[in-house]
Each structure stands twice: as C-alpha cells, then as structure tokens.
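The next block holds one structure in the form of structure tokens; read it before the comments.
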Amino acid sequence: MRSLKKLMAISLSSVIFLTSAIVVQAETSQETLNKAKNQLNQNQQLINEKEAEKQKTLKELEAVQDELKSVETVMQQNKEKIANLQAEIEVTQQQIEKKKEEIVVLEDKVLARKDVMKDRLVSLQNTDQTNVVLEVLLNAKDFADFISRATAISLIFDGDKDILEQQQADLQKIEEEKLAIDQQEEELTGQYDQLAVTQNELQQNLAKRQEAVSAVQKKFASVSKEVELAESQKSAVLAQISQAESTLKKEQEEAKKREVVKVNTSNKVASVSNKTTSNKQTSSKPSSNKSSSSKDVIYVSATAYSHQDTKSDITALGYNIKKNKNMKLIAVDPAVIPLGSKVWVEGYGEAIAGDTGGAIKGHKIDVLMPSTSKAKAWGRKTVKIKILD
C-alpha cells in the first residue's frame, strides 16, 4: 500500500507538472517524460521484488502441503494399524474366552481328583499298608497268581503316584494359563493405547500443518495481489510515458488540443488511484484396562436367578432375597468358594457368596438378579472371580 500511495503521489505530481507546463510553459515535455521513465524503473523494481517474494512463498506453500500429505499418509497407516490390532484383539479375546473355559474344566478335574486323593489318604491312615501287601501276596494260590497279585499291587501304587503327579501338573498349568491370559490382555491393551496416543499426536500435528498451509496460502494470495497492483501501476505509468511523448510532438498545437490532453491525463490518474482489492481465507481447526494375577482368581461358568425362581426366599446363609432383591449375592459350591466369602465377579461387581444350589457344583455360580427377566438377560457366561476375603 505504501508503494501504491508513493506511486500515486508521483503520478499525480507528474500530471500536475505536465498540466502546468502546458499552461504556463514553465517546464518542457521532455522533463515530464524523464520523470515518468524514472517512475517506470521504480515500478519495475517493485514488480521484480514482489515476483521473487511470490515465487519464494509458492515454494514454501508446496513444502507445507507436502508435509500435510505426509502427516495424512502416516495417519492413514496408523488407522489401518489400529483396525488390524482391533481385529487381533477380538481374535485373542475369543481365544481367551476359550482358555477360560479350559481352565474351568481343569479346575473341576483338580477338584474331583482332590476328593479321590482325600479318600485314598483316609484309607491309608486306617490300614497298615505293609500288612495288606503281605496278606495279598501270601494268599496267592500258586506262583503265577503270586506274580499277578504283585503286578496289580504295583499298578495300584503307580496309579496313586500318577494321580498325585497329574494333580500337581494341572495345578501348575492352571496358574500358568491364568498368567498367560493376563499377559495377553495387558500386552494388547498396551499396544492399543499406544496407537491411540500416536493417533492423537498425529491429529494435533495435522491441525498444525493445516494451519500452516492456510497461513502460507493467505500470504501467497496477498503477494499475488501486490504483484497485480504493481502491474496495474506499471500500465498506468506506460500510459503516462506514451502521453508525454505525444505531448512532446504536439507542443505547438492549439490550446484546445492541449486542454484535451490535460483532461484525459487527469482522468487516467484518478482511475488508477481507485484500484484496490483484498483477499481473506480461513483456516480449519481440528480436534485404557486392568490386568491382575492372583492365586485367589478363578474362572467359573455363571448363570443367574431371582427370588421368583426359588421355592424359598431365604438363602443358605439366611438372607431374605425377596425383601432384598437388589442385593449383590451369588450361589456357589462351598467346596470351591466358601460360603460367606466376599468376592468380585466380572460384569457383576462385589458380592457375597451367600447361597447354594442343587445344580451349582464345581466351578459354577448363580448371580442374584432382581427379576426373572433380568436373570434370563444375563444368560450363561464364563467370568473371572476374585475372592476378596
């Protein structure tokens, strides 16, 4: 704008000077022509500077646009990674659910084997093992019968040993499977969270790049307008030069013709002084899991019931579930979860092991619901249980 005002002032001075020369003949047309050419040189220098600035801004715009495309590409790749990881999490979750069911089966085997081992120990405590073996061998009818009985006794003792070893192996496998489930859940959750954080950072970076592109676009538009204005001023000065040359040849013409030249020149200057425009653009602005491992954690098959489904409204521990239908209570097998225990049930919350049931054997539970409809809505699930106390 300053250069425009300066140019307008000089142009107006040139016209006034030319007019005065015509009227009073104080200056010659040659002097006017020289001043106009000098103004043309200044104007061309301004155009060259603005063109250089325009090219520089264009390169800057291309650079920030490339950066924007790069960020958008990385964001798309990250979105694909998140989608792939989500699919992997779903597959792993299915495997985890299957593993939970396998743990329940193992836990039931361990429980059943526990009762067998208990009976064997009681039997051994009540019987002199050495006497029994001798009695069985001495009562053999012949040598072949003796060998047969000795083999049977050996198999019995080996069977006890196998039961004990299998029990220990299954118990260890249960703990290992629990740990593996927790590790899988924690690892996948960590990966998902990290990708989410990365995506958020990329989104913020994208917003900055978009703002940068918008700012450079504004700058480029502004410089382009300045170049256009300087070109317009150049045309005006060229017109003045042409007029001055014509005036130099017609210096001796009649006053009437001189007056016409004066009016035309004044009108051209006034027309040039009224040419200004502006351009504006707007910028766009854009915008976690628990894993625990504990020996007090088990997995069970869970169904649900309500006071409407029972013959008695009083539980095994004396709770009135009709009056307290919203209380958190589960029916359990006391051999697995002792009555009176405080537990946490996945998808249900903290509850009291306060009831039993004929069908609740082994690693099975019933969770108390306020009504039959809500019990049916629960369905059957494999859930994690933490025994709190």
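Readers should treat all values here as calculations from the given coordinates under stated rules, not as data from a laboratory. What you see is a predicted model, and the numbers here were worked out from it, not measured in a lab. When we count neighbours, we look across all protein chains shown, and the Cβ atoms used for this are built from the backbone with ideal geometry, even at glycine.
Could you let me know the centre-to-centre spacing of region 165-186 and region 29-73, using Cα atoms, in angstrom?
74 Å
With θ taken as phi - 60° and the coefficients 6.51, -1.76 and 1.60, list the Karplus ³J(HN,Hα) couplings across region 351-367 in order, rounded to whole Hz; mark glycine and proline as x.
8, 10, 6, x, 8, 10, x, x, 8, 8, 10, x, 8, 9, 9, 10, 9
Can you flag which of Lys328/Lys361; Lys37/Lys218; Lys178/Lys322; Lys59/Lys208 are past 25 Å Cα-Cα?
Lys37/Lys218; Lys178/Lys322
If you take the beta carbon distance between Leu171 and Lys98 as r and set R0 to 25 Å, what does 1/(1 + (r/R0)^6) give as a FRET efficiency, to the nearest 0.05? If you can, show how the numbers build up before the last one.
Values: r = 20 Å, r/R0 = 0.82.
According to the calculation, E is roughly 0.75.
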